[in-house]
Amino acid sequence: MTMKTVFKKTSGLTDKPTHYCPGCTHGVIHRLVGEVLEEMDILEDTIGVASVGCSVLSYEYFNCDMTQAAHGRAPAVATGVKRVLPNRFVFTYQGDGDLASIGISEVIHAAARGENITVIFVNNAIYGMTGGQMAPTTLIGQKTATTPFGRDASIQGSPIKVSEMIATLDGAAYIERVSSHDVQHIQKAKRAIRKAFETQQKGLGFSMVEILSTCPTNWGLDPAESLEWVKDSMVPVYPLGIYKNKEGVK
Amino acid sequence: MGKVLMKGNEVIAEAAVHAGCKYFFGYPITPQSELVAYMARRLPEVGGLFLQAESEIAAINMVYGAASTGVRVMTSSSSPGFSLKQEGISYLVGAELPAVICNIVRGGPGLGNIQPAQSDYFQVTKGGGHGDYNIPVLAPASLQEIVELTQDAFDIADRYRTPVILMGDGMLGQMMEPVEFMDRLEQQKMEKPWATTGTRGDGGPKIVTSLELDAEGLEKRNWSLQQKFARIKQNEVRYETYQTDDAEIVMVAFGTVARITMNAINRARQNGVKVGLIRPISLWPFPEKPFIETRERIKAYISVEMSAGQMVEDVRLAVNGHAPVDFFGRTGGVVPTQEEIYEKLISVAGGGVSV
């Protein structure tokens with residue numbers, strides 16, 4: 001009987017086991033990015049920038065050169081790398097606390113400059129690493145450690161819709177919001193990530209994929225319920241789709 | 001190449017270009033804005049890149065990114081902006097990335113003003129950001145010395161994989177003097193196998209990070225950093241002495257204040273007062289040797305600063321109780337005059353010191 005390989009781990013990831021909680025979709029998203037880098041055969045020419053938050057240790061998981069940035073500053077660090085090495089692929093991997101709160105300025109200006117980098121923005125509507133506090137993307141009514149009575153727009157304001165906002169900037173070339181809550185959407189997410197890196201390959205400017213993601217631990221839900229919550233509660237607030245495709249990347 | 005008349009801020013920029021720095025990320029702030037503008041014009045001529053960042057915070061993190069690829073890179077600012085860079089500087093130290101950061105100091109605290117000051121001495125010499133660290137700090141007193149020390153700064157940064165601070169006061173940045181640029185005979189080419197430039201041909205992923213979650217692991221890393229700081233202390237102390245051989249009083253001053261103090265010393269010498277000067281050029285590592293060599297015979301040291309008294313603490317540590325240490329300073333952007341420094345030294349000399 002001959003054995004045929006029908007499935008294998010992507011070479012885009014190292015062999016190191018991830019530290020993510022059960023049901024967290026960071027691992028899935030890591031895999032998608034790793035697969036895209038592998039399939040585009042650009043692993044050796046890629047420098048990733050890890051951010052601060054649950055994904056800080058992503059530098060141990062991606063099988064390419066990695067630099068770890070200060071909280072929120074990954075797009076600035078990526079700018080420094082890309083401006084020196086314009087022929088390499090540079091991406092950041094950031095959560096919603098990192099990107100949408102402390103680092104909102106850096107991502108806006110990187111996009112405005114049309115930095116030819118790719119931002120992987122993982123939005124799970126909460127701070128995970130620090131124990132479940134409100135993020136700028138936390139939904140109205142959502143209970144967190146710092147909104148124990150639920151987020152109240154009159155007190156904490158409303159969620160920031162990052163993709164919509166970034167898409168208004170001329171330097172933004174490819175902006176898409178996808179989700180990780182089921183197989184079909186995960187496959188769509190992978191296509192979006194691929195298009196973002198192709199946008200960079202063509203030198204078209206700033207690309208970002210916002211991926212709606214889970215946090216079972218801090219949401220207080222089991223993994224299956226968490227996926228349902230993304231679909232039922234997050235997607236209506238954060239509509240999926242392509243917000244910018246300046247050059248019609250297919 | 002002959003001498004050219006230039007402004008201090010521009011000299012720093014041109015000296016950096018001569019040192020092989022092709023990348024500059026900056027943000028405008030008085031009184032160092034000429035440096036940024038010069039780089040914007042000059043770097044494209046040498047195939048380099050200038051980028052105006054959206055903030056001081058972004059600028060230092062762009063420096064971090066560029067430094068992680070192994071190139072010579074620089075940013076500059078003045079006091080309030082320099083404070084904003086502190087987190088990024090701490091990260092540079094932790095990740096062991098070489099870079100040169102220039103601080104043209106102005107009056108503080110807060111927004112303060114735009115007049116010359118030296119009141120960031122504590123910040124630059126005692127760490128500045130979070131964590132256990134020191135950074136080499138070079139403080140030129142003339143525009144020609146800027147040329148020399150800017151090149152030294154890049155060499156030290158590469159040699160020890162550390163950020164290096166070039167510190168001047170607003171006066172140094174704004175004054176004009178003739179300078180001559182000289183390329184180093186052989187530009188030191190450092191191999192940087194740690195640089196994250198992609199893994200093509202080098203076998204495996206490289207990581208630039210300052211994170212170490214394991215306490216024992218971080219302690220080990222910190223001790224190894226301390227060993228590096230000890231090597232820097234061993235090898236990179238710079239200072240100048242002036243008329244200290246027969247001196248009974250020694251003035252201590254750095255940067256432009258040292259030049260004003262030197263004039264006061266010349267005047268006192270004409271009047272028979274035996275006074276000399278120790279001018280620290282590296283503020284960290286602080287030059288202890290000239291104090292150890294003189295402290296048994298010197299009757300008093302006087303630290304002269306454009307601050308309320310910061311370096312004077314390092315002078316006291318170096319003198320270590322062997323002699324009294326006095327202080328004269330002006331703060332808030334006021335430059336001390338030769339006259340008032342002279343009066344201070346005469347009043348100290350009058351207190352039991354032979355005139």
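Bear in mind these aren't lab numbers, they're just calculated from the coordinates by the rules spelled out. Owing to the predicted nature of the structure, the values given are computational and were not obtained by experimental measurement. Every residue, glycine as well, gets a Cβ built from its backbone with ideal geometry; the counts of neighbours run over all protein chains shown.
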note = Hull surface over four for the Cα convex hull of region B:219-322, reported in nm², is 7.5 nm²
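Based on alpha-carbon atoms only, what is the radius of gyration of the protein assembly as shown relative to the globular estimate 2.2 N^0.38 Å? Provide the component values of the computation, followed by the final result.
Details: Rg = 27.6 Å, N = 605, 2.2 N^0.38 = 25.1 Å.
Cα-based Rg divided by the globular estimate yields 1.10.
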key: Expected 222 nm ellipticity per residue - DSSP helices of 4 or more, -39500 (n - 2.57), all of chain B, to 500   = -12000 deg cm²/dmol
task = Select from B:PRO336, B:PRO287, B:PRO193 the residue whose mean-square fluctuation is largest in a Gaussian network model of chain B (Cα-Cα springs shorter than 10 Å).
result = B:PRO193
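What order, most packed first, do the peptides A:142-154, B:82-94 have when packing is the mean number of other Cβ atoms within 10 Å of each residue?
Details: A:142-154: 14.2, B:82-94: 23.5.
Packing order, densest peptide first, comes out as B:82-94, A:142-154.
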Number of partner chain Cβ atoms within 10 Å, mean per residue of A:46-57 = 3
ask   = Measuring from centroid to centroid over Cα atoms, what is the spacing of region B:254-282 and region B:1-22 in Å?
value = 28 Å
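Give, in whole angstrom and from largest to smallest, the semi-axes √(5λ) of the equivalent ellipsoid of region B:71-120, with λ running over the eigenvalues of the Cα gyration tensor.
Values: eigenvalues 109, 26, 10 Å².
After diagonalising the Cα gyration tensor, the semi-axes are 23, 11, 7 Å.
Nearest 500 deg cm²/dmol is fine: what mean residue ellipticity at 222 nm does chain A get from its DSSP H runs of n ≥ 4 alone, each adding -39,500 (n - 2.57), divided by its residue count? Please list the in-between numbers first.
Numbers: 8 runs with 74 residues, N = 250.
For chain A, the value works out to -8500 deg cm²/dmol.
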note = Burial-style ranking of B:40-51, A:49-60, average other-beta-carbon count within 10 Å with highest first, yields A:49-60, B:40-51
remark   = Once the dipole of region B:1-159 is set up from charges on Cβ (+1 Lys and Arg, -1 Asp and Glu), the residue from the list B:GLN115, B:THR150, B:GLY131 lying farthest towards its positive end is B:GLN115
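Suppose every K and R has +1 on its Cβ and every D and E has -1 on its Cβ; what is the size of the dipole of region A:55-104 about the Cα centre, in Debye to the nearest 20? Mind dumping the intermediate values first?
Numbers: 4 positive and 4 negative charges, 58 e Å.
Dipole about the Cα centre, nearest 20: 280 debye.
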ask   = To the nearest 0.05, what FRET efficiency results for A:CYS21 and A:GLU247 with a Förster distance of 35 Å applied to their C-beta separation?
value = 0.35
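Can you check what the net charge comes to around B:ASP120, using other residues whose Cβ is under 15 Å from the Cβ of B:ASP120 (Lys, Arg +1; Asp, Glu -1)? Mind showing how you got there, number by number?
Details: positive: B:LYS85, B:ARG106, B:LYS126; negative: B:GLU56, B:ASP169, B:GLU305, B:GLU313, B:ASP314.
That works out to -2.
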Farthest toward positive dipole pole in region B:184-277 [+1 Lys/Arg, -1 Asp/Glu at C-beta], among B:TRP194, B:TRP223, B:VAL257 = B:VAL257
ask   = Quick one: helix B:256-270 against the long Cα principal axis of chain B, what's the angle to the nearest 10°, folded into 0 to 90?
value = 20 degrees
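Relative to the Cα centre, what is the charge dipole magnitude of region A:1-160, using +1 at the beta carbon of each Lys and Arg, -1 at the beta carbon of each Asp and Glu, and rounding to the nearest 20 debye?
The calculated dipole for region A:1-160 is roughly 200 debye.
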task = Take every Cα-Cα pair in region B:1-76 and report what % of them are more than 17 Å apart.
result = 41 percent
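At a Förster radius of 25 Å, what calculated FRET efficiency corresponds to the Cβ-Cβ distance of B:ARG269 and B:MET176, to the nearest 0.05? All intermediate terms of the calculation are to be shown ahead of the outcome.
Working: r = 28 Å, r/R0 = 1.14.
Computed FRET efficiency for B:ARG269 and B:MET176 comes out at 0.30.
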note = In nm², the average projected area of the convex hull spanned by the Cα atoms of region A:1-147 is 10.6 nm²
inquiry  = Can you give me the angle between helix B:56-67 and the longest principal axis of chain B, using Cα atoms only, in degrees from 0 to 90, rounded to the nearest 10?
reply    = 60 degrees
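If packing is taken as the average count of other Cβ atoms within 10 Å, what order do A:8-14, B:136-142, B:205-211 fall into, highest mean first? Let's see the in-between values first.
On the way: A:8-14: 15.6, B:136-142: 25.3, B:205-211: 20.1.
Packing proxy ranking, top to bottom: B:136-142, B:205-211, A:8-14.
How big is the equivalent ellipsoid of chain B along its three axes, where each semi-axis is √(5λ) from the Cα gyration tensor, reported in whole Å from largest to smallest? Please list the in-between numbers first.
Values: eigenvalues 260, 106, 64 Å².
The three semi-axes for chain B are 36, 23, 18 Å.
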